[in-house]
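Shown next, in structure tokens, is the structure this report addresses.
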Amino acid sequence: MKSFTDRVAAITGAGSGMGRSLAIQLARECCHLALADRNATSLAETARLAQAEAPQIVGAPLRVTTRVLDVADRAAMFDWAAETAAQHDRVNLVFNNAGVALSSTIEGMDYADLEWIVGINFWGVVHGTKAFLPYLKASGAGHIVNTSSVFGLFAQPGMSGYNATKYAVRGFTEALRQELDLMKCGVSATCVHPGGIHTGIAQSSRIASNMVGFMIESEQQGKDDFEKFFITTPDEAARVILDGVRKNRRRVLIGRDARAADWLARTLPAAYQALVVMQTRRMHRIAHKRARAAEAAGRRA
């Protein structure tokens with residue numbers, strides 16, 4: 001898909017982060033939008049920003065529709081897809097972008113938390129793909145963009161639930177792309193692997209109590225340290241994703257951290273795990289020293 005002008009794009013997780021940046025950049029290219037998010041307030045703000053960024057073309061105003069939605073709800077996703085097709089007459093692109101994070105040991109992981117992250121990160125992608133695919137095929141020119149992660153390229157202790165969902169998205173999307181290639185139906189697919197993106201995912205993540213004392217000193221310290229690895233802006237991430245769609249790439253890596261992780265996993269597919277353990281131990285020692293220093297400073301005060 002070389003041009004987004006007068007296309008229709010559906011975006012989940014559109015209320016903030018990459019979803020909002022995708023909406024704004026597509027609006028600048030006169031792409032009509034169907035936006036979904038669980039947060040009604042942030043969703044409305046994205047719609048306002050997208051409308052404000054759209055070029056003023058007489059007689060062809062940008063159409064932006066919104067839907068407050070939980071991507072884990074299969075029926076709601078299928079209703080939204082039908083609603084989008086009815087409101088916009090067609091659908092050309094779907095960005096299954098919504099996602100959440102969970103940090104926990106496998107031994108101590110609560111099943112409710114695991115079901116929560118699988119429902120959003122994996123089933124949300126499956127629902128979005130299956131709900132919109134018939135409409136994308138009917139349009140004659142469609143593209144599915146599924147967001148995996150750098151954690152869909154390599155694993156890390158304490159992130160098993162997140163790793164599982166992102167590896168699943170990767171496998172699902174790669175198989176999907178091959179099927180679409182065989183069908184020659186005018187629809188393609190791209191799997192996106194972002195590294196650390198400046199979004200709110202760290203602060204909104206769930207961190208189980210079993211992580212405290214094992215890999216982190218406190219829940220907030222764990223979130224803050226996770227956030228330090230966010231080196232790419234959502235705007236840059238959206239630019240790279242849209243460039244990948246234009247070039248019909250099968251895989252899109254975002255950020256030098258994603259490219260480094262991809263190289264490491266391909267070069268040392270088993271040995272990289274020992275390197276991750278060594279680095280995690282070193283970071284834990286640093287965090288422990290910092291926590292003790294802060295505790296001592298608090299006593300002196």
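Here are a few things to note about the model shown:
- Net +/- balance of residues flanking Leu26 in space, Cβ distance below 10 Å, scoring K and R +1, D and E -1: 0
- Restricted to Cα atoms, region 8-267 shows a radius of gyration and a Dmax of 17.9, 61 angstrom.
- For the listed peptides 26-33, 73-80, 272-279, a ranking on the average number of other beta carbons within 10 Å per residue, highest first, reads 26-33, 73-80, 272-279.
- Estimated inter-spin distance, Ala86 and Asp235, nm [label 7 Å along Cα→Cβ]: 3.8 nm
- Stretch gain in nm, segment Arg48-Arg74, where the contour uses 0.36 nm per residue and the Cα spacing is subtracted: 6.6 nm
Every number here is computed from the coordinates shown, using simple stated rules; none is lab data. Because the structure is predicted, anything quoted here is derived from the model rather than measured. Please note: Cβ atoms are built from the backbone with ideal geometry, for glycine as well, and neighbour counts cover all protein chains shown.
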